[in-house]
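Have a look at the structure below, then the notes.
The values are calculated or read from the model by the stated rules, or taken from the named source; none is laboratory data. Please read all numbers here as calculations on a predicted model, not as lab measurements. Ideal geometry is used to build each Cβ from the backbone, glycine not excepted, and the neighbour counts take in all protein chains shown.
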Amino acid sequence: MTPATRQAPVRLTQFAHGGGCACKIPPGELEEVVAGLVPPRGIGGDTPLLVGLATGDDAAVVVHAGTAIVCTADFFTPVVDDAYDWGRIAAANALSDVYAMGGRPVLAVNLLGWPRDRLPFDLAREVLRGGLDVAAEAGCHVGGGHSVDDPEPKYGMAVTGIADPDRLLRNDTGRPGLPLSLTKPLGTGVLNNRHKATGERFEQAIATMVALNRDASEAALAAGATCATDITGFGLLGHLRKLARASDVTAVIDTAAVPCLDGAREAVRDGYVSGGTRRNLAWVTPGTDFGPADTDTRLLLADAQTSGGLLVAGEVPGAPVVGELVPRGTHSVVLR
């Protein structure tokens, strides 16, 4: 095959309107949709729902025979062009919800949407291979899954995990006086958006997105933490607002202490900000005292992360302390 006829590499991000967790339904709209949707009393019998929709936590939890069963699902459109990397990122992101609850993932099934007339199936195989490899790293079985013919490629997993019901991490157990630790830097959203627009590859973003939150979860539990959430599509500010509201506290963030990926601030400056990030910022604005934070800082703190780190109410060895919880005031979140 001559250079003139050689097929150009497929750019998966060009087959989707958004990318990664930035394509989530905005938090305000989602809350309106699910408001009042609670299961009838008595469902489950002797298997009570311990964590459900009420606080907008990262996963659902039921208790059966003394074991907490953690259940979640997460999928999204391509966040990077490389099929294998996208599979790894999506799997790490789905598994993260179990880690955010203090659990251990044990079984996953694939969720795949594929435009079968537009993209070759060898790319779908690479996506699934990436997911399988990350699940194997987590010690989690993958037992098949479900696929549909879809105009946009989508991939993720439904994951079941187990945990000690007396040692869960929840978003409604924070209390005043606890420090806030963040286990991964921010900036995957704007770097992924720049990648989608320009084709530039950002190895630092891929490395943080494929990294499991397993060690951070175990370290948080070992430190005695009971309150945590993972930072994904609603950004640091959005997930922090949910935690503060569920725990009836105010979260104070030291913006200078928040770690960011190399190139993230430059990507914000150059305008590579997703619509999801702007919607996140609009949602948190009424309940946030932004203090001295400029517009770029606000956007970065609201950046829609994909497979972000854990935000833990407590000190986690090796993770920077980025703020603290204080008694509830007039704002859910205060920046300083």
- Check every one of the strands (runs of 3 or more DSSP E) wholly within the stretch 89-181 and list those with 2 or more residues that are closer than 15 Å to THR72 by Cα and of a type in the set (Gly, Ala, Ser). 154-163
- Item | ALA220 vs. criteria modelled with pLDDT of 95 or more, buried (at least 24 other Cβ atoms within 10 Å of the Cβ), within 20 Å of TYR99 (Cα to Cα) and not assigned by TED's automatic domain parsing to the domain that holds GLY66 | yes
- All strands (runs of 3 or more DSSP E) inside the stretch 258-336 with 1 or more residues being touching a residue at least 60 places away in the same chain (Cβ under 8 Å) and surrounded by fewer than 17 Cβ atoms within 10 Å (Cβ to Cβ): 321-327
- Pick from the stretch 51-76 the residues that are surrounded by fewer than 24 Cβ atoms within 10 Å (Cβ to Cβ) and of a type in the set (S, T, N, Q): which of them is modelled with the highest pLDDT? THR67
- Query: Does the stretch 116-129 contain any residue that is under 29 Å from VAL62 (Cα atoms), free of Cβ contacts under 8 Å to residues at least 60 places away in the same chain and of a type outside the set (D, E, K, R)?
  - Reply: yes
- Query: Condition test on ASP74, is it touching a helix residue (DSSP H, G or I) at 6+ places or on another chain (Cβ under 7 Å), under 18 Å from ARG214 (Cβ atoms), touching a residue at least 12 places away in the same chain (Cβ under 8 Å) and not in a helix (DSSP H, G or I)?
  - Reply: yes
- Task: Under 7 Å between Cβ atoms, at least 6 apart or on separate chains: pull out the pairs that start in the stretch 231-255 with a residue that is assigned by TED's automatic domain parsing to the domain that holds LEU299 and end on any residue that is of a type in the set (Ser, Thr, Tyr) and assigned to a loop (DSSP other than H, G, I, E, B).
- Result: THR232/THR306; ARG241/SER332; ALA244/SER332; ARG245/SER332; ALA246/THR55; SER247/THR173; THR250/SER332; ALA251/SER332
- Query: From ALA135, ALA100, ALA108, ALA92, which residue is under 22 Å from ALA219 (Cα atoms), touching a residue at least 12 places away in the same chain (Cβ under 8 Å) and in contact with a His (Cβ under 8 Å, 6 or more places away or on another chain)?
  - Reply: ALA135
- Message: Filter the stretch 84-105 down to the residues that are among the hydrophobic types (A, V, I, L, M, F, W, C) and touching a Gly at 6+ places or on another chain (Cβ under 6 Å) and list them by number.
- Response: ALA90, ALA91, ALA94, VAL98
- Task: Mind listing just one residue for me: the one in the stretch 120-141 that is over 13 Å from ARG88 (Cβ atoms) and crowded, with 16+ Cβ neighbours inside 10 Å and, of those, nearest to the chain's Cα centre (by Cα)?
- Result: CYS140
- Would you check if GLY233 is surrounded by 24 or more Cβ atoms within 10 Å (Cβ to Cβ) and modelled with pLDDT under 95? yes
